[in-house]
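The values are calculated or read from the model by the stated rules, or taken from the named source; none is laboratory data. The structure displayed is predicted, hence computed values, not measured ones. Positions of Cβ are generated from backbone atoms using ideal geometry, with glycine treated the same way; all protein chains shown enter the neighbour counts. Just the protein is used for accessible areas: all its heavy atoms, side chains included, with ligands, DNA and RNA removed. Shrake-Rupley method; radii C 1.70, N 1.55, O 1.52, S 1.80 Å.
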Amino acid sequence: MRSLYADHLLARLQKYPNGKLHHRLLQVLQLAITEGIFPPETRLPASRDLAKELNVSRNTVLNAYESLLSEGYVTARTGSGTWVAKMLPEFSPEPVQPQSLENQRVLPAHSLSTRGSELLGYANASPYQWGAFVPGAPDVTAFPHQLLRKIENRLQKAPQIDQLIYSNGGGCPQLRQALSEYLRVTRSVKAEAEQIIITEGIHQTVDLISRVLADVNDPVWVEDPGYWGTRNILRCNGLQLHALPVDADGIIPNTHSAPIPKMVFVTPSHQYPLGGLMSLVRRQQLLDMARRQRFWIIEDDYDSEFRFSNPPHPALQGLEENAPVIYMGTFSKTLYPALRMGYLVVPKSLSHPLRTAAAELYRGGHLIKQRAIAEFIREGHFAAHIRRMRLLYHQRRQFLLGLISRYLGNDFLPRYSHDAGLHLVLSLPDGCDDVAIANRALHQGVIARALSQYYLTPQQERGLLLGYACVDEPALFSAFTALRHCLCQEGIIEQ
């Protein structure tokens, strides 16, 4: 089998067919070294091996290596071969233009599709995913990685065939069963294992249900403000977004003239981003509307594990028998985001169609990782980790609230003060430019997202999303001090 280096050299040699083989090989080796294909202090293939891979004589390779050595591109180490020099010569070879082809065509310039342009136009994914005050980022350093790795290593020793091929059953059976039992106990979700579909996170979950359960131009209700990621996927799939306002009790479904939706997306346990808890009256009202008008409620229960004082309301899905609710969750906040693992709980009538669609669209995999998470849950490690993190996050939340109250005043405390989640909203005066404040803070190394950017309508509250989960108290204090300085510079508070 040829090495990657040999493949590269062969491709280059074919581009430069003229001249003696020794000179051509020397030139492509020089170019590979100067372009970093062969990095400094990298061992070149043995001359005998490279000659065999390139189907040339060994003398041809030896002559090229000797020329490289004399020109300072490589060094020879007795008994250990030929190595790229740490410092290359000051001069470099002029690149030889490939031989022009008679029938060579210039490819026309291509533009993005309308759908692609719209997706990129609304793209809002941040390059900053860690540090104060990244909202929604868990403390990934506190996760018991070695424990999960130990479980994975055990499973990797004797993997079963069905763990190494594509999945068309909705994910690992053991994980679906573990989630069925866990959600029934902790969230009163009524679901058997066959009703659960494992996905690669909320974005894939939203993509799946919006593709299968709605057509282009179908109306969809979303919370305003709400999660931009969900909105962008719905837009990309051609659905018409109708923004409904929220208050302290959640989405307000009866004060808007929007058309009857195909689906309504809500975050009832901890409204994103304001943090409100949907009241029981509002939940029952929404369920009644969904039954009468025949639309689906998509329940994103993303932060339900991290409620620090009062016990959470049961999930919407479990309030009634056969509720018109599709429930979705993720391990991104409870374990770590790079795990890329979420889950979907669907009515029995949708179980087979959605499993089939998921297999057709995404070709599910990662089954050994899913089995490891199932064992992690079954052995009690997941519940223990949640308990530890709940205490840690509550402590950090209280610390940040204390800083706001002491150094800024109670007017800056969250307007929807529910004791839950991984972030809070720092309230700002109406009319101020929270985007400018967030940009100024970013230049100080502080990552705070502007609340106004989560709205679809002009009726926007002003504030900053402050994530407190992923950094300790000293880092929170340092970032808060820098943020307070930015507020002074913007004239929001006095020095």
Checked against the positive end of the charge dipole of the chain (+1 on Cβ of Lys and Arg, -1 on Cβ of Asp and Glu, about the Cα centre), the farthest of GLY275, TYR16, SER180 is TYR16
Dividing the helical contributions, -39500 (n - 2.57) per DSSP H run of n ≥ 4, by the residues of the chain yields a 222 nm value, nearest 500 deg cm²/dmol, of -12500 deg cm²/dmol
For segment 376-495, averaging the sequence separation of alpha carbon pairs under 8 Å that lie six or more residues apart and dividing by its residue count, the contact order in percent is 25
Everything considered on the Cα gyration tensor (a ≥ b ≥ c; rounded for a/c under 1.5, else prolate if a/b is larger than b/c, else oblate), segment 219-307 must be described as oblate
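Kirkwood Rh, segment 345-468, all Cα pairs: how many Å?
Taking every pair of different Cα atoms in segment 345-468, averaging 1/r and inverting gives 18.4 Å.
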Taking R0 as 30 Å and r as the Cβ-Cβ distance between PHE308 and LYS348, the FRET efficiency 1/(1 + (r/R0)^6), rounded to the nearest 0.05, comes to 0.30
Read-out Cα Rg over 2.2 N^0.38 Å, candidates [x] 1.24; [y] 1.67; [z] 1.04; calculated match is [x]
For the chain, the longest principal axis of the Cα atoms and the Cα long axis of helix 202-213 enclose an angle in degrees, to the nearest 10, of 70
The longest stretch of the chain containing none of the trypsin sites (Lys or Arg not before Pro) that sit in a DSSP loop with at most 16 other Cβ atoms within 10 Å is 158-293
Hull volume per residue for segment 183-229, using the convex hull of the C-alpha atoms, in Å³ is 132
Restricting to lysines and to Cα separations under 29 Å from LYS348, and discarding same-chain partners fewer than 8 apart, the set is LYS190, LYS262, LYS333, LYS369
Tilt, helix 280-293 to longest principal axis of the chain (alpha-carbon atoms), in degrees rounded to tens, equals 80
Counting only DSSP beta bridges fully inside the chain, the antiparallel percentage to nearest 5 is 60
Over its alpha-carbon atoms, segment 19-72 yields an Rg and a Dmax in Å of 10.6, 29
For the chain, dividing by residue count, accessible area per residue (probe 1.4 Å) in Å² works out to 50
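Cα gyration tensor of segment 369-412, axes a ≥ b ≥ c as square roots of the eigenvalues: rounded (a/c below 1.5), prolate (a/b > b/c) or oblate?
In terms of gyration-tensor shape, prolate.
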Given a Förster distance of 45 Å, the FRET efficiency implied by the Cβ-Cβ spacing of ASN410 and ASN217, rounded to the nearest 0.05, works out to 0.45
With the 8 Å Cα cutoff and a minimum separation of six or more residues, the chain has a relative contact order in percent of 17
Answer in debye to the nearest 20: the dipole magnitude of the chain about its Cα centre, from +1 Lys/Arg and -1 Asp/Glu charges placed on Cβ, is 1380
In degrees rounded to 10, the 0-90 angle between helix 348-362 Cα long axis and the longest Cα principal axis of the chain is 20
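Which GluC sites (Glu not before Pro) in segment 302-344 sit in a loop by DSSP (not H, G, I, E or B) and have at most 12 other Cβ atoms within 10 Å of their own Cβ?
GLU321
Please sort by residue number the GluC sites (Glu not before Pro) in segment 397-495 whose DSSP state is loop and whose Cβ has at most 10 other Cβ atoms within 10 Å.
Sites meeting the loop and neighbour criteria: GLU494.
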Relative contact order of segment 290-404 (C-alpha contacts under 8 Å, at least 6 apart) in percent is 22
The size of the Cβ-based charge dipole (Lys, Arg +1; Asp, Glu -1) of segment 262-335 about the Cα centre, to the nearest 20 debye, is 260
Expressed as a percent, the accessible surface of the chain that is carbon or sulfur, using a 1.4 Å probe and the full set of protein chains, is 51
